[in-house]
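Below is one structure, written out as structure tokens, with a few remarks after it.
Rule-based calculations on the coordinates, nothing more; no lab input. The shown structure was predicted, so the numbers you read here are calculated from the model rather than taken from an experiment. Note that we place each Cβ from the backbone using ideal geometry, even for glycine, and neighbour counts take in every protein chain shown.
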Amino acid sequence: MARIGFIGLGNMGAPMARNLLKAGHEVAGFDVMAAALDAVPGARRAASAAEAAADADVVLTMLPASAHVRDAWLGTGGLMAAARPDALLMDCSTIDVGTAREVAAAAGERDFLDAPVSGGVMGAEAGTLTFMVGGSEAGFARARPVLEAMGRSVVHCGAAGAGQAAKLCNNMMLAVTMAVTCEAFVLAEKLGLSHQALFDVASKSSAQSWALTTYCPVPGPVPASPANRGYRPGFSAALMVKDLGLAQQSAKEAGAVTPFGAHALDLYRRFVEKEGGGGTDFSGIIAMIREGKA
Ligand code: NAD
């Protein structure tokens, strides 16, 4: 069993750390909000990120955004210097590909992985997250047993930054698919076609998708989807804006042209900033599309 320094015990980090403890690992935790540690009984409370990392076999961060990750590893957090030279280092936050590669490069010969997740808070609690991992084969092999204590699916995507690339590409596809699925249901309404009839056809034909069959944006056809509970998340529109922004940033840096992703970002940003949709599930954008504001 490993000694794990866990930095960032928020909505995702706290349940992930609890699952590590449940699997028999030792956890030393640090969060700038000291009260966050209350949600992880059984963890040793470290006074700083560096202290949490000092004697750890594995150092793991789960922080809000790129700036926090850069600061924790390379700046005032001092993690890169504090961690043992043979420790496995990883960041599970969702950040841009460039920052993930920059932090990994600063780790030199040491094993540093980007390992963002999908599955949300429910997946973190249930230990059913999907991990998308970038970094060396050897680092991935070391990480696997630790990640499997927190997730059901662990995929090695390639070299440094590949985990973040997979996450951003996946969520860009999801956002565009959801937006056009909403658009199709609104068109069906105008054409006098019932939600159920469209669902029955599209879910069994060439337009089939996760956005339709698991997360159907209208109430009825998929009883467990957020549409049936007033669009309570789920996956909030605010987090989708974050991920679409990272996808556009990474696309610009890589010279990729992604107009559908750009339009989805514009749409979701207006939903959040002008329609007050930030705390709504991302499938709730159907209301804005229905009002002709897409
Ligand atoms: P959160 O804001 O709930 O938690 C982040 C925690 O980091 C907070 O407790 C904060 O106090 C702490 N923190 C900030 N700066 C710190 C520092 N320098 N040192 C130590 N602690 C610090 O966010 P979250 O929902 O847990 O998300 C974490 C990451 O996971 C984000 O990158 C997010 O995009 C990603 N993510 C979230 C979800 C989700 O559904 N919430 C799903 C997939 C991925």
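The criterion of being in contact (Cβ under 8 Å) with a residue 24 or more places away in the chain, surrounded by 18 or more Cβ atoms within 10 Å (Cβ to Cβ), of a type in the set (S, T, N, Q) and closer than 14 Å to residue 172 by Cβ holds for residue 258. Across the range 80-130, the number of residues qualifying as over 19 Å from the mean Cα position of the chain (by Cα) and either assigned to a loop (DSSP other than H, G, I, E, B) or within 14 Å of the ligand (Cβ to nearest atom) (or both) comes to 12.
Candidates 58, 69, 103, 27: the one that is in contact with a Ser or Thr (Cβ under 6 Å, 6 or more places away or on another chain) and touching a residue at least 12 places away in the same chain (Cβ under 8 Å) is 69.
Taken together, 283, 206 contain a single residue that is surrounded by fewer than 13 Cβ atoms within 10 Å (Cβ to Cβ) and among the small types (Gly, Ala, Ser), which is 206.
Can you tell me which residue in the range 1-11 is farthest from the ligand (Cβ to nearest atom), limited to those that are buried (at least 24 other Cβ atoms within 10 Å of the Cβ) and at negative phi?
The extreme case among them is 4.
Considering the range 69-78, and only residues there that are within 9 Å of the ligand (Cβ to nearest atom) and crowded, with 20+ Cβ neighbours inside 10 Å, the residue that is nearest to residue 98 (Cα to Cα) turns out to be 69. Report yes if some residue within the range 33-43 is more than 13 Å from the ligand (Cβ to nearest atom) and either touching a Cys at 6+ places or on another chain (Cβ under 6 Å) or closer than 17 Å to residue 82 by Cα (or both); otherwise report no. Looking through the range 33-43, none of the residues is more than 13 Å from the ligand (Cβ to nearest atom) and either touching a Cys at 6+ places or on another chain (Cβ under 6 Å) or closer than 17 Å to residue 82 by Cα (or both). Restricting attention to the range 22-68, the residues that are assigned to a loop (DSSP other than H, G, I, E, B), out of contact with any Phe, Trp or Tyr (no Cβ under 6 Å at 6 or more places or on another chain) and buried (at least 19 other Cβ atoms within 10 Å of the Cβ) total 7. Here residue 19 meets the list (1) buried (at least 18 other Cβ atoms within 10 Å of the Cβ); (2) within 9 Å of the ligand (Cβ to nearest atom); (3) not hydrophobic (A, V, I, L, M, F, W, C) almost entirely, failing just condition (2). Considering each residue of the range 131-173, count those that are over 23 Å from residue 19 (Cβ atoms) and away from the ligand (no atom under 12 Å from the Cβ), and give that number. So the count comes out to 12. Do the conditions hold for residue 28, that is, is it among the hydrophobic types (A, V, I, L, M, F, W, C) and over 23 Å from residue 145 (Cβ atoms)? Criteria not met by residue 28.
Annotation: of all residues in the range 111-161 being polar (S, T, N, Q), within 21 Å of residue 25 (Cα to Cα) and touching a helix residue (DSSP H, G or I) at 6+ places or on another chain (Cβ under 9 Å), the one that is surrounded by the most Cβ atoms within 10 Å (Cβ to Cβ) is 130.
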